[in-house]
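Notes follow once the structure below has been shown.
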Amino acid sequence: MGILKKINKKIFVWRLKYINRKSFIVITSMIIGILAALAAILLKLTVHYVKFFLQYGFNVRYHNYMFLIYPLTGIALTILYIQLFRKGHLTKGLSSLIYSFSKHDTDIPRHKMYSHMITSALTVGFGGSVGLEAPIVITGSAIGANTAKELRLGHKERNLLVACGAASGIAAIFNSPIGGIIFAFEVLLPEMTIPSLIPLLISSASASVVSRLLYSEQLFYLITTGWSLKAIPFYILLGILCGLISAYMIKVSFRMENYFKSQVNIYKKMIFGGALLGILIFFLPPLYGEGYETVKNLFSGNSEFLTNNSIFYSLNTNQWFLVIYAMVIVLVKVFASSITVGAGGNGGIFAPSLFVGSLLGFAFVHAINLTGFFQLNEPNFIAVGMAGILSGVIHAPLTGIFLIAEVTGGYALFVPLMIVSALSYFTTRYFEPHSIYTKVLAEDKKLEITDKDQIILNQINLNKLIETDFALIFETDLLEDFFKKSAASKRNIFPVVDKENNFKGLIYLNDTREKILHLQENKDIPVLDFIHKSPLLVNPDENIQNIMNKFEENDLWNIPVVDNGKYIGFIYRSRILQTYRELLRDHSRFF
């Protein structure tokens, strides 16, 4: 370790001497892009070979009863890894990463460069009904954070490189560089400035090049000759429907997450959740894994694939049954995904959103075509349905538009993609103002994202702004004691506490002036005669936005900070505004 530190120090000194800051960030972003791409490729290949082994390794074809076993096995192996190697703790999902970005505290543990890859490979490889995108975003972010840490970069540079790792993960796993960049801006870094786009471009492009070199398979193939103006009313209807289904997915996912959190015993959750997931997959086999194979078949017009390995296989020629069957899967998929994670597995909602969107688009357009009154292009509606659900669930319409356009090659569908994604986004926001990533943070009052002001305010660390240089007045003090303490203080406000430091109230210097002018006559007056109960108090863990609301609604400039009744100090409105201006200035000249 000593040798490594010496080498790192020499590299650090050499870099400061010969490479300027901007050039170094660009070079580092390219390296992070390559590393994130290698991680994404390794994860995809691992899942592919696990699935292949389970399908052919025992010299058996997929039989229905195996669906009852595989998901539970994958969840059990995931839990086993977390218990043995992570001491039972592994934060899942992107909510914690978004919160870290909002606080400019992206110090991601080193183990997340591989732990999410291992657990998601076990979960998805064995049929867990989730996606690999969230784990690879966390993996790429961890690569960026720890690279920045080793290179001794500041927190601003580290945040940018973490975003580069996240964007590169999406770019590599989908072969979608633009989608990766927009995802980073819309979901992780909505406050970033345009100059920060340069490192993101470099890292995402590098990741896509590596991905195409080593894993050139295109995820989906869309054959389209364009879109018809006559189809616009149907795209509008599909956009609204996508918004309703997206809101439904967010609400169900959140409730299921709370249910599993309330269950303490991890092994009971594993058995119950794994068994229930197996039963769902037994009756609805398309729920198995990411579901991308189903999407590919829908694009190719092979809708009968939906009933493969299903007890409903004999009905695969009944077109109306396929529509109903697809809608049942749409409604059940969110339960399967939530159960997978709640029972102990690891994965994200990205792939389930694309899967649900494809099935919704198929069911919608297939039902219309079956009526015989209209004949619409089914692959087009499947593609825009994917964009619509993704836009609504993660509240990122631009990500939905560009990702689907890149992944499917459907650039000719930009207008329908924009219509469906925008309508889905606004419809979802009407019923559910928070995305699936930020809802849990909003419920816990950790984060509220509605505009740039709030984003920057959330980055302010309250504990660093608390002022403690106030003379403490004890409730047993007399006016003479108060006079001595106030004479040595530059403040005109004084907190009153008891012997255990419990906050009792405030004394204002102006209230005591008349008595102090005749101190000899009034020296024995107890300070409690002058005490004011503070109308408002602040908790050190309170959201900065809530504190600013208190200042504005009550026309105050300072509020006492109290933790469980114990006095800590004061927070001043002017200090928050000053810090806000500094952060705003830093963002505007970041790169």
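Structure values in brief
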item	result
Filter pass, residue 271 being closer than 24 Å to residue 413 by Cβ, among the hydrophobic types (A, V, I, L, M, F, W, C) and assigned to a helix (DSSP H, G or I)	no
Given (1) part of a loop (DSSP other than H, G, I, E, B); (2) farther than 11 Å from residue 347 by Cα; (3) touching a Leu at 6+ places or on another chain (Cβ under 9 Å), number of the condition residue 143 does not satisfy	(1)
Of all residues making up the range 146-161, the number that are in a helix (DSSP H, G or I) and either modelled with pLDDT of 90 or more or out of contact with any Phe, Trp or Tyr (no Cβ under 8 Å at 6 or more places or on another chain) (or both)	9
Whichever residue in the range 513-563 is over 33 Å from the mean Cα position of the chain (by Cα) and of a type in the set (Asp, Glu) and, among such residues, is farthest from residue 99 (Cα to Cα)	521
Within the range 238-276, tally of residues that are over 24 Å from the mean Cα position of the chain (by Cα) and among the polar types (S, T, N, Q)	1
Among the candidates 341, 330, 295, residue that is under 28 Å from residue 95 (Cα atoms) and in contact with a Leu (Cβ under 6 Å, 6 or more places away or on another chain)	330
Strands (runs of 3 or more DSSP E) contained entirely in the range 502-584, each with at least 3 residues that are within 13 Å of residue 462 (Cβ to Cβ) and at pLDDT 80 or above	558-563, 566-572
Residue list for the range 490-501, filter: assigned to a loop (DSSP other than H, G, I, E, B) and in contact with a helix residue (DSSP H, G or I) (Cβ under 9 Å, 6 or more places away or on another chain)	491, 492
Conditions (1) modelled with pLDDT of 90 or more; (2) in a helix (DSSP H, G or I); (3) surrounded by 18 or more Cβ atoms within 10 Å (Cβ to Cβ): number failed by residue 455	(1)
Test for residue 233: is it of a type outside the set (A, V, I, L, M) and either at pLDDT below 85 or in the same structural domain as residue 144 (by TED's automatic domain parsing) (or both)	no
Test: residue 171 is buried (at least 21 other Cβ atoms within 10 Å of the Cβ) and modelled with pLDDT of 90 or more	yes
In the range 367-411, residue farthest from the chain's Cα centre (by Cα) [restricted to those that are at pLDDT below 90 and among the β-branched types (Val, Ile, Thr)]	408
Meets criteria (modelled with pLDDT of 90 or more and either over 16 Å from residue 123 (Cβ atoms) or among the hydroxyl-bearing types (Ser, Thr, Tyr) (or both)) for residue 277	no
Leading residue by the ranking (surrounded by the most Cβ atoms within 10 Å (Cβ to Cβ)) among those in the range 408-428 that are within 9 Å of residue 242 (Cα to Cα) and β-branched (Val, Ile, Thr)	420
Residues located in the range 76-127, provided they are among the β-branched types (Val, Ile, Thr) and part of a loop (DSSP other than H, G, I, E, B)	91, 106, 108
Residues (among the basic types (Lys, Arg) and at pLDDT below 85) located in the range 44-86	61
The range 412-436, subset β-branched (Val, Ile, Thr) and part of a helix (DSSP H, G or I), residue modelled with the lowest pLDDT	415
Residue 5 modelled with pLDDT of 65 or more and either over 15 Å from residue 124 (Cβ atoms) or touching a helix residue (DSSP H, G or I) at 6+ places or on another chain (Cβ under 7 Å) (or both)	no
Lone unmet requirement of (1) surrounded by 15 or more Cβ atoms within 10 Å (Cβ to Cβ); (2) touching a Lys or Arg at 6+ places or on another chain (Cβ under 7 Å) for residue 263	(1)
Of all residues making up the range 282-316, the number that are over 27 Å from the mean Cα position of the chain (by Cα) and closer than 17 Å to residue 65 by Cα	11
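The values are calculated or read from the model by the stated rules, or taken from the named source; none is laboratory data. Nothing here was measured: the structure is a model prediction, and the numbers come from that model. Positions of Cβ are generated from backbone atoms using ideal geometry, with glycine treated the same way; all protein chains shown enter the neighbour counts.
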